[in-house]
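Taking it in order: structure first as structure tokens, then the write-up.
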Amino acid sequence: MKFSFSTNAFIRHTVYDAIESIAAAGYEGVELLADIPHLYVHTLRASDIKKLKASLTANRIAVSNINANTVRGYYENGDAEPLFEPCLTDPDPEVRGWRIDYTKKCIDLAKALNCPNVSVTSGPIQPESTPEEGIEALKAALKEIIAHAEKMNVKVGLEYEPGLLIESGSELSCLINEIGSEYLGANLDLGHSHVLGEDPEFTVKLLQGRIFHVHLEDIKDRKHFHLIPGTGDMDFKKLLSLFEKTYSGFITVELYTYPDKPIEAARKSLEFLKGLAGRRIVSDAVN
């Protein structure tokens, strides 16, 4: 089982410092935030990508995912702006087109870094549109994005989240089936699934074969606040067992809620997860 850690916990550090710290903590992979303050793709230069490749090579770490869920860099004062805006369901065609183009550039970045997938979200329901109109706009946007993804051989994992237009595993499964491309699948966040009260075994089976990347964090009392694994209510022994035979990709710990102590959060998370995985190996050997 391969574990990764997201740089979105390191927003007070450079992306290079984040990569070095995540590798030093013992992770095999790193998820890169495709947004300020790390990799805002509209301002990335060829020299930046060259430096990034050198950092990844020097730290002997792979890119697990390009996290294109947010684009706060679109705004002049990014930190104060809505988290998922502008989104793929924006009623303004020009704004929606900008977001589509940004996502395509994230796919290009993934290709350049030998990363197999990019994650996006549907964004929230827009106040000017009905959910049905939002779904139609989302499908049109995804079809354009997926056409580019197919050319680049990079997969797109849509991440569902409570409060967004696509907010459940069943909604995502329907969307994947409607689009009908093997390049569209899930960036499955197990914490989001837990908040929604979904049965994890059912959800993993529902999305089986289309889970391109996994986000992991702990949750307490079904409140959507990302916690270090082992400090909330989630049954990680059961969760990890669901992926042993059906998933070979990275499981990325996502703890953007720890910007003041990302290194500590990364180390504690991996210590817990490796300890749990080790106990499973011993238990299986005994049995």
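The values are calculated or read from the model by the stated rules, or taken from the named source; none is laboratory data. Keep in mind that this is a model prediction, so the values were computed, not measured. Cβ sites come from the backbone with ideal geometry, for glycine too, and all protein chains shown count toward neighbours.
The table below lists the values:
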| read-out | value |
| --- | --- |
| Strands (runs of 3 or more DSSP E) fully within the stretch 1-120 counting 2 or more residues that are touching a residue at least 12 places away in the same chain (Cβ under 8 Å) and either of a type in the set (Gly, Ala, Ser) or more than 30 Å from ILE135 (Cα to Cα) (or both) | 2-6, 29-33, 62-67 |
| Which numbered condition LEU184 fails, given (1) out of contact with any helix residue (DSSP H, G or I) (no Cβ under 7 Å at 6 or more places or on another chain); (2) within 25 Å of ALA140 (Cβ to Cβ) | (1) |
| Selection within the stretch 248-270 - in a loop (DSSP other than H, G, I, E, B), surrounded by 18 or more Cβ atoms within 10 Å (Cβ to Cβ) and among the small types (Gly, Ala, Ser) | GLY249 |
| Residue within the stretch 74-84 that is on the phi < 0 side of the Ramachandran plot, of a type outside the set (S, T, N, Q) and modelled with pLDDT of 95 or more present | no |
| Subset tally (residues that are surrounded by fewer than 22 Cβ atoms within 10 Å (Cβ to Cβ) and not acidic (Asp, Glu)) for the stretch 208-225 | 10 |
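Per-residue answers, yes or no, for (1) touching a residue at least 12 places away in the same chain (Cβ under 8 Å); (2) farther than 23 Å from PHE5 by Cα; (3) surrounded by 16 or more Cβ atoms within 10 Å (Cβ to Cβ); (4) touching a strand residue (DSSP E or B) at 6+ places or on another chain (Cβ under 7 Å):
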| position | (1), (2), (3), (4) |
| --- | --- |
| CYS174 | no, yes, no, no |
| GLU178 | yes, yes, no, no |
| GLY185 | yes, no, yes, yes |
| LEU227 | yes, no, yes, yes |
| GLY230 | yes, no, no, yes |
| ASP233 | yes, no, no, yes |
